[in-house]
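Data first, discussion second: the structure below is written as structure tokens.
The values are calculated or read from the model by the stated rules, or taken from the named source; none is laboratory data. If you're wondering where the values come from, they're calculated on a predicted model, not measured in any experiment. Only protein heavy atoms, including side chains, enter the accessible area calculation; ligands, DNA and RNA are left aside. Shrake-Rupley method; radii C 1.70, N 1.55, O 1.52, S 1.80 Å.
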Amino acid sequence: MIQAFNDMVIPTNGQGMIDVTAPIARWLDDQRIDGGLLTIFCQHTSASLIIQENAAPAARRDVERYFARIAPESREYEHDDEGPDDMPAHLRTALTSVSLSIPVRDGEMTLGTWQGIYLFEHRRRPHRRRLTLHLIGE
């Protein structure tokens, strides 16, 4: 078994989904591991990871609007240390995930035809988000 690690910093422009499939695939290609398991971990509590439709931008916009409805900004939250988008960002992260596990076969992620990996930024202002990649395989 071989293991590889990488930290990837993703700049965001505020709320929204950022496709990180290509930079992760480039790193994976450099590892020369034919088969195994890739784990992607987001080191934040106000941003998350999701696998989502990667062909139609309307699908991403609908997902973003859905999360804005189910975890809206509100003065009713007790936790607002970093502003009115603070607690909604934590709720949106709790409803999604901070880690993904993706099988690797023939040196590539086994994503479906229309699947992409997205960093889902839940805060309004820009951030620099850190992802840790861990690949184990042969």
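Contact order, relative form, for the stretch 60-117: 20 percent (alpha carbon pairs under 8 Å, 6 or more residues apart, mean separation divided by residue count).
Rounded to the nearest 500, the 222 nm mean residue ellipticity of the chain from helices alone is -8000 deg cm²/dmol, with -39,500 (n - 2.57) taken per DSSP H run of at least 4 residues. Across the chain, the relative contact order, built from alpha-carbon pairs under 8 Å that are at least six residues apart, equals 55 percent.
Heavy atoms only, probe 1.4 Å: what % of the accessible area of the chain goes to carbon and sulfur, would you let me know? Don't jump to the answer; show the numbers that get you there.
On the way: 3810 of 7900 Å².
Reported share for carbon and sulfur atoms: 48 percent.
Using a probe of 1.4 angstrom and keeping all protein chains present, the accessible surface of the chain works out to 57 square angstrom per residue.
Quick one: ranking 19, 86 by accessible area, 1.4 Å probe, largest first, what do you get? Write down the numbers at each step before the final one.
On the way: 19 75, 86 0 Å².
The most accessible residue leads, giving 19, 86.
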